[in-house]
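Reading through the structure tokens given below for one structure.
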Protein chains: 4
Amino acid sequence: MEISIRKLEHIFLCSHCNVEYDRSTLLECIELIHKGTSNINFDDINTEVKLFGKRLSAPIIVSGMTGGFRGAEEINKNIAKAVEELNLGMGLGSQRAAIVNKELEDTYRVVRDYTESLVIGNLGAVNFIKDGWDLEVIDRAIEMIDADALAIHFNPLQEIIQPEGDVNFKNISEKLKDIISEYKKHRDVPFIAKQVGEGFSKEDAKELEYFDAIDVQGSGGTSWAKVEYYRVKDKEKREILKNFLNWGIPTAQSILEVKSSYNKIIIGSGGLRSGIDIAKCLALGCSCTAVALPVLRAALKGYEKVVELLSKYIEELKITMFLVGAENIEELRRIPYILKEPLKSILVERGCKV
Amino acid sequence: MEISIRKLEHIFLCSHCNVEYDRSTLLECIELIHKGTSNINFDDINTEVKLFGKRLSAPIIVSGMTGGFRGAEEINKNIAKAVEELNLGMGLGSQRAAIVNKELEDTYRVVRDYTESLVIGNLGAVNFIKDGWDLEVIDRAIEMIDADALAIHFNPLQEIIQPEGDVNFKNISEKLKDIISEYKKHRDVPFIAKQVGEGFSKEDAKELEYFDAIDVQGSGGTSWAKVEYYRVKDKEKREILKNFLNWGIPTAQSILEVKSSYNKIIIGSGGLRSGIDIAKCLALGCSCTAVALPVLRAALKGYEKVVELLSKYIEELKITMFLVGAENIEELRRIPYILKEPLKSILVERGCKV
Amino acid sequence: MEISIRKLEHIFLCSHCNVEYDRSTLLECIELIHKGTSNINFDDINTEVKLFGKRLSAPIIVSGMTGGFRGAEEINKNIAKAVEELNLGMGLGSQRAAIVNKELEDTYRVVRDYTESLVIGNLGAVNFIKDGWDLEVIDRAIEMIDADALAIHFNPLQEIIQPEGDVNFKNISEKLKDIISEYKKHRDVPFIAKQVGEGFSKEDAKELEYFDAIDVQGSGGTSWAKVEYYRVKDKEKREILKNFLNWGIPTAQSILEVKSSYNKIIIGSGGLRSGIDIAKCLALGCSCTAVALPVLRAALKGYEKVVELLSKYIEELKITMFLVGAENIEELRRIPYILKEPLKSILVERGCKV
Amino acid sequence: MEISIRKLEHIFLCSHCNVEYDRSTLLECIELIHKGTSNINFDDINTEVKLFGKRLSAPIIVSGMTGGFRGAEEINKNIAKAVEELNLGMGLGSQRAAIVNKELEDTYRVVRDYTESLVIGNLGAVNFIKDGWDLEVIDRAIEMIDADALAIHFNPLQEIIQPEGDVNFKNISEKLKDIISEYKKHRDVPFIAKQVGEGFSKEDAKELEYFDAIDVQGSGGTSWAKVEYYRVKDKEKREILKNFLNWGIPTAQSILEVKSSYNKIIIGSGGLRSGIDIAKCLALGCSCTAVALPVLRAALKGYEKVVELLSKYIEELKITMFLVGAENIEELRRIPYILKEPLKSILVERGCKV
Ligand SMILES: Cc1cc2nc3c(=O)[nH]c(=O)nc-3n(C[C@H](O)[C@H](O)[C@H](O)COP(=O)(O)O)c2cc1C
Ligand SMILES: Cc1cc2nc3c(=O)[nH]c(=O)nc-3n(C[C@H](O)[C@H](O)[C@H](O)COP(=O)(O)O)c2cc1C
Ligand SMILES: Cc1cc2nc3c(=O)[nH]c(=O)nc-3n(C[C@H](O)[C@H](O)[C@H](O)COP(=O)(O)O)c2cc1C
Ligand SMILES: Cc1cc2nc3c(=O)[nH]c(=O)nc-3n(C[C@H](O)[C@H](O)[C@H](O)COP(=O)(O)O)c2cc1C
């Protein structure tokens, strides 16, 4: 199947069907504490953060989703306009299509016509093995969109369940370590290790310490096994897929696993659906958060809908900060919270100090 | 919207709709122990307590709810007559309306035509900032109803979700500390820090040590987010509110949090709906308990209904005392109980010794 | 209401309605361990025990239920015939009716026409206070039925919820201690402290150490609040009763509480409904078990039904013994079992070593 | 009832009815950890193991199920062909029928016409007592099918609930110890202790240390009480059976119990229904796994269906290995996993180190 048709199908499915995990993000195991006196002025609340050299009005970025086919421009444009208006950040979908076919570059580059805010490029880790990608590809990806940072996505589940998948991940993190350290000599752009909805473990995070940031993209939101389940006709294949619908590390667990073995920037993501979810990720120690699916659905309806959605998240985040008595993001990252079961026991089992 | 119309709307909604939390008070995690021999005579049971200088026949007060509009007299009168008949205590709703408009004073003062029992005044903490209230306002509030004590309510959730809300709580507890200590030089009336259904944390309680009592008013009963949810027409605002429907510290948790960092009088409240609930609060260490919503509903039907309801609570309290073998409230406060999950783990997480 | 009519009403309700607790006995928290090799011969299994001087073919007695009105003879006769046939034990209902009215003695004495097996008399603890009962009453109760032992039932819940209830339990256990020790000088019959479906706590058991046995009769089976709930017409009274429908110490908890502070004979009872339940009580350390409600229902249909029911329990008990590899009751009392949540935490909370 | 008709009835019931436990295997308490980088090449994954002298392409054997009546050949043939094609192993059903009646030997021996792979013989432990079996019977069973190993099944539950059951298990493991050690002098074939769906405990495993392997066959899959429940007409017998429908040690628990007191080969089995289940057993330390019911159902439809089913399991096992980053079975046996409640507490209760 042609790559652009598959991408269209993904977007169609994500927009119309239930493509989310039945199992939760485990963020419901994190309980923020009502501060009965609040002690702050709502109008003083400041949600600003600095990330990858850019100042954002709130610690929210749109996760990388699309590009590489006719139609993607519209989506990317809508996200870019909203992100510019609210001064947030955004990622782009895998740039492989444009690496392969230069004519598709504008489906990504379009965002720079609309925003000067934080824009993050996106390449697949597995392609550095399969397609033998090198420093030049990284250069092209960054320059194509004047990227502030580059996300390398690791997606073994997605690859193994797709008929067209690339499944050779042998020594992938060693290989990337070499390429990235080589590239850094040439240009100091931040690199982000990113999942696509299955999360990283603490062992992964240790292995990926050479990355400047980890975007956990844990499970509980968009489920690639579910998306694929809709596409598969073959009964036996569907039976197999069914067994993996709940595979992955829930977002709250993934954040705390990564935090226990990795000292740099952590982005909380995967299934975030409200400003309270966002606040919880920050309270767990993340520097920023990211959202994909709900933004995609909004972007298909127009840029105003994206503004509306992200404004709602910011408003909820601010209300939460008011109710826990945190005036800014640094304070929010230090508030007490309750860690409930089953997450608490899971972390004990995993040997993660919390 | 005019304040008196909003108050009427609140009362209407509280009376006809489900305005209570879906999440519980966590009082179901407290299990009293059947005493198989009882060893006491039911007819000897004494439920008397002394509170703020008045002797009550049972440790139950009606939480402050109303006043400040035509129609409130009737409700307050019904509560006052019942409280007098049973020799219990009662609070009044926020007296701000009468502070602003002297003509409305009789909607509060009416209670003194019917009861000489314990009556508690009520002012909003946030107004000491917003309206620059001073010692004189306190004086007026107390004298208006010959108050035995004055409750200062902290209601950040309520303010932030109301379109008309006051949201500057900056340094609110320091400010109140000054005002109260100043006022105490002049007249030694007890001050009570009170929530309106979201509870205080142990950190709050430490901050509020200058109050003579804390009325926890934890979550599990009347939910202001739910009340507001009925009032809001705007779809986006409703979406935001939805996320806060379960916000707050459950009553049982709030009592034990406060107890762990505060040594004075604790009033157990928020979602108490039976004499067993009341007995549990006392077993947890409270000196008294308070009930709002069910009393409001009864008061709208007539004073006899209030007597009936409160008598039922007292009867249930006495049966519970008989079954745990406690002859008086002091004994009840020392009986053993079982602390069950999830409350037990929550308190461990919160570092509260129990 | 006349006592005999009330008793009839109780029997009618117990026979036709759901009168059992919604909350369980917590016996589901006890899990016996399958012995994969069994290692015993089913035909060698011996379920005999000795209790109060009589040898029983299995550790099962029928709990005391009835007597004192015309019609009770039939029920008691059916139980007695079955108990004789299977060589088990039985208790009789409260003998107060016959103490008050000698003409009713035959409604109890009838059992001795049918069985020479273990028969246990029954008096209410509260009547020793209310009616000033003395050694003579004990004598009459024992001689009336040639009792092998005498159960004294403690039933504060039952008394407090009945309109006709006696509610003076003041110093009841001290008073009984004197009477029983006095009586023992005269005749050495075993005395049993018995609940009626709400269980004893470890504190109770310590207080009752002068009894020769404790029959826990914990909650999870027949609920007297539920029985009474059917009888009460008054709406307010029903509301009160509702709050006590789950009152009581579940049977498994009560057994382990009592065991932790009492060294003599423990009878496991309250809500036992199968031979596995019976085996669990024995594994917890009981010397015998007792069943009421299901036997009553069988006895109303004829003595064969009682034999059938009790035979089924014995058969299930034997199968369980075969599957855990216990050849006799002594071995069964020493087999390993798993103590599961929430019972495990409850016992930790209660300071009971297990 | 004739033995062959009963066997047919079993197969008919297992094929058409729900004959599985309501209670789970507890394998859902084992959570494998997503390895976000995978770091291996799917095409390098090697699932081979060596078991009882034969090399299998994957650690999966078909549990012993049938033989001994006309019609069994077809089933056994279909399994044998599939097992040969995929290079897996298989067991046969109890060979007692052919021990008793030589004419039925071909219903077992047929498998050797189709496979040279691992074939395991099967005898009932209880028959060594009841029928006084000796070394010669073992010889005949092994030679009948040129067995690579011999499973001795312990099935106390099955025997006790069947009207025709043999229930003398007295000293069964001592007796077998003598016979097996005697036999081993003569021929060194591996002996496997096997349940039939109720699992072994750690105490059992210690007792059975003279066996070369333990095939746990824990509960959660085929339930013999349920199978029997369909066959029983008598109401009282059904009532008894009902109480044992959940009897047994769940598979995950049984594996960990056995592992804690037994150092040789453990086969994980009982209720395995996917390649993830299989991977979990291996991660828990098993050397191989076994499946019965689903294979039976497939075999009744034809050998291709067996190939299809087992291929699906292998594919799922490989995907799981890819997602946890294990290149071969030895690596899979050492990956980290999360042990969740209630299994974790059960193992603590049982004194099993994990
Ligand atoms: C339609 C769609 C396309 C996506 N494409 C990419 C991609 O190209 N590269 C990538 O790293 N992640 C991609 N993702 C994954 C998201 O970045 C994100 O990790 C995932 O959707 C989980 O977040 P959510 O639960 O908020 O949707 C895509 C997600 C969606 C919904
Ligand atoms: C209609 C209504 C009006 C209230 N007004 C006030 C108020 O003016 N001041 C205040 O401190 N609390 C007010 N409360 C809050 C109650 O005092 C109490 O804290 C809350 O309702 C929780 O208790 P409950 O669950 O028993 O209703 C009001 C409650 C209700 C239901
Ligand atoms: C109809 C009925 C009458 C009872 N009467 C007495 C009684 O007179 N004295 C007594 O000690 N217990 C009495 N009991 C209580 C039983 O002995 C037993 O404690 C209780 O029913 C719990 O056991 P079960 O769950 O097996 O029914 C009675 C129970 C029933 C059902
Ligand atoms: C129809 C059928 C017949 C069986 N016959 C035997 C047998 O003869 N000998 C034996 O050891 N186990 C026998 N078993 C038990 C299986 O080997 C296995 O232990 C049990 O079915 C649990 O595994 P499952 O949940 O995968 O079905 C039989 C199982 C089935 C379904």
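Placing a label point 7 Å from the Cα of residue D:143 along the Cα-to-Cβ direction, the distances to the matching points in the other copies come to 8.2, 8.2, 11.7 nm, shortest first. Remark: the protein assembly as shown carries a charge dipole of roughly 160 debye about the Cα centre, counting +1 on each Lys and Arg Cβ and -1 on each Asp and Glu Cβ.
Given the protein assembly as shown, what percent of its DSSP beta bridges are antiparallel, to the nearest 5? Please report the intermediate quantities before stating the final value.
Numbers: 32 of 140 bridges.
Counting DSSP beta bridges with both partners in the protein assembly as shown, the antiparallel share is about 25 percent.
Rounded to whole numbers, the Karplus 3J(HN,Hα) couplings from phi for the range D:147-159 are 5, 7, 6, 10, 8, 10, 8, 10, 9, x, 4, 4, 5 Hz, using 6.51 cos²θ - 1.76 cosθ + 1.60 with θ = phi - 60°, and x at Gly and Pro. Stokes-Einstein diffusion for the range A:158-212 at 20 °C, viscosity 1.002 mPa s, with a Kirkwood radius from C-alpha pairs, works out to 166 µm²/s. With the charge dipole of chain C set up from +1 on Lys and Arg Cβ and -1 on Asp and Glu Cβ about the Cα centre, the Cα lying farthest toward the positive end among the listed residues C:98, C:150, C:211 is that of C:211. Backbone phi angles across the range B:306-322, fed through the Karplus curve with coefficients 6.51, -1.76 and 1.60 (θ = phi - 60°), yield HN-Hα couplings of 5, 4, 4, 4, 5, 5, 4, 4, 5, 4, 5, 4, 5, 4, 4, 4, 4 Hz in residue order; Gly and Pro are listed as x. Dipole orientation for the protein assembly as shown: of the candidates B:200, A:292, D:351, A:292 has the Cα lying most toward the positive pole (charges on Cβ; Lys, Arg +1; Asp, Glu -1).
Cβ-Cβ distance of residue C:206 and residue D:181, R₀ of 60 Å, FRET efficiency by 1/(1 + (r/R0)^6): the value works out to about 0.65.
Rounded to whole Å and ordered largest first, report the semi-axes of the equivalent ellipsoid of the range D:1-85 derived from its Cα gyration tensor (root of 5λ). All intermediate terms of the calculation are to be shown ahead of the outcome.
Values: eigenvalues 245, 92, 22 Å².
Listed largest to smallest, the semi-axes of the range D:1-85 are 35, 21, 10 Å.
Pairs of Cα atoms nearer than 8 Å and 6+ residues apart set the relative contact order; for chain D it is 24 percent. Translational D (Stokes-Einstein, µm²/s) of the range A:3-349 at 4 °C and 1.567 mPa s when Rh comes from the Kirkwood sum over C-alpha pairs? It diffuses with D of about 64 µm²/s by this estimate. With label points defined 7 Å past Cα in the direction of Cβ, position residue C:71 shows copy-to-copy spacings of 5.5, 5.5, 7.8 nm, given to one decimal and shortest first. In this Cβ point-charge picture (+1 for Lys and Arg, -1 for Asp and Glu), the range A:187-276 has a dipole of about 440 debye about its Cα centre.
Add -39500 (n - 2.57) for each DSSP H run of 4 or more in chain D, then divide by its residues: what number comes out at 222 nm, to the nearest 500 deg cm²/dmol? Please report the intermediate quantities before stating the final value.
On the way: 17 runs with 158 residues, N = 354.
Using -39500 (n - 2.57) per qualifying helix, the result is -13000 deg cm²/dmol.
For residue C:103, inter-copy separations between label points set 7 Å beyond Cα along the Cβ vector come to 7.9, 7.9, 11.1 nm, shortest first.
Output the pairs from A:194/A:353; D:50/D:264; B:312/C:175; A:175/D:312; A:102/A:130; C:202/C:280 with a Cα-Cα distance over 25 Å in this structure; if there are none, say none.
Numbers: A:194/A:353 23 Å; D:50/D:264 14 Å; B:312/C:175 33 Å; A:175/D:312 33 Å; A:102/A:130 19 Å; C:202/C:280 19 Å.
Beyond 25 Å between Cα atoms: B:312/C:175; A:175/D:312.
The residue of chain C whose Cβ sits closest to the rotation axis that maps C onto A, together with that distance in whole Å, is C:341, 6.
Toward the positive end of the charge dipole of the protein assembly as shown, about the Cα centre and with charges on Cβ (Lys, Arg +1; Asp, Glu -1), which of C:137, C:240, D:32 goes farthest? Farthest towards the positive end: C:240.
Give me D for the range D:161-301 in µm² s⁻¹, whole number, from Stokes-Einstein with Rh from the Kirkwood sum over alpha-carbon pairs, 25 °C and 0.890 mPa s.
Values: Rh = 16.4 Å.
After rounding, the answer is 149 µm²/s.
Here the Debye sum runs over all C-alpha atoms of the range C:111-227 as equal scatterers in vacuum, and log10 of I(q)/I(0) at q = 0.21 Å⁻¹ comes out as -1.29.
Rounded to the nearest whole Hz, the Karplus-based 3J(HN,Hα) values (6.51 cos²θ - 1.76 cosθ + 1.60, θ = phi - 60°) of the range D:265-280 follow the sequence 6, 10, 9, x, 6, x, x, 6, 9, 6, x, 5, 4, 4, 4, 5, with x at glycine and proline.
Each DSSP beta bridge with both residues in chain C is either parallel or antiparallel, and the antiparallel ones are about 20%. Beyond 67 Å, what percent of the Cα pairs of the protein assembly as shown remain? Roughly 19 percent, once rounded to a whole number.
Per residue of peptide A:166-172, the mean number of Cβ atoms on other chains within 10 Å of the residue Cβ is 6.
Remind me, what semi-axes does the range C:220-354 give for its equivalent ellipsoid, largest first in whole Å, using sqrt of 5 times each Cα gyration tensor eigenvalue?
Details: eigenvalues 170, 110, 23 Å².
Result for the range C:220-354: semi-axes of 29, 24, 11 Å.
Other chains' Cβ within 10 Å of C:24-36 residues: what's the mean? Could the numbers behind the result be given before it?
Values: counts 0, 0, 0, 0, 0, 0, 0, 6, 1, 10, 14, 10, 27.
What the average comes to for C:24-36 is 5.
About its Cα centre, how strong a charge dipole does the range A:3-349 have in debye, to the nearest 20, once Lys and Arg get +1 and Asp and Glu get -1 at the Cβ? Don't skip to the end; give the middle numbers.
On the way: 45 positive and 53 negative charges, 112 e Å.
With Lys and Arg at +1 and Asp and Glu at -1, about 540 debye.
Every number here is computed from the coordinates shown, using simple stated rules; none is lab data. The structure presented is a predicted model; accordingly, all values stated were derived computationally and were not measured. Positions of Cβ are generated from backbone atoms using ideal geometry, with glycine treated the same way; all protein chains shown enter the neighbour counts.
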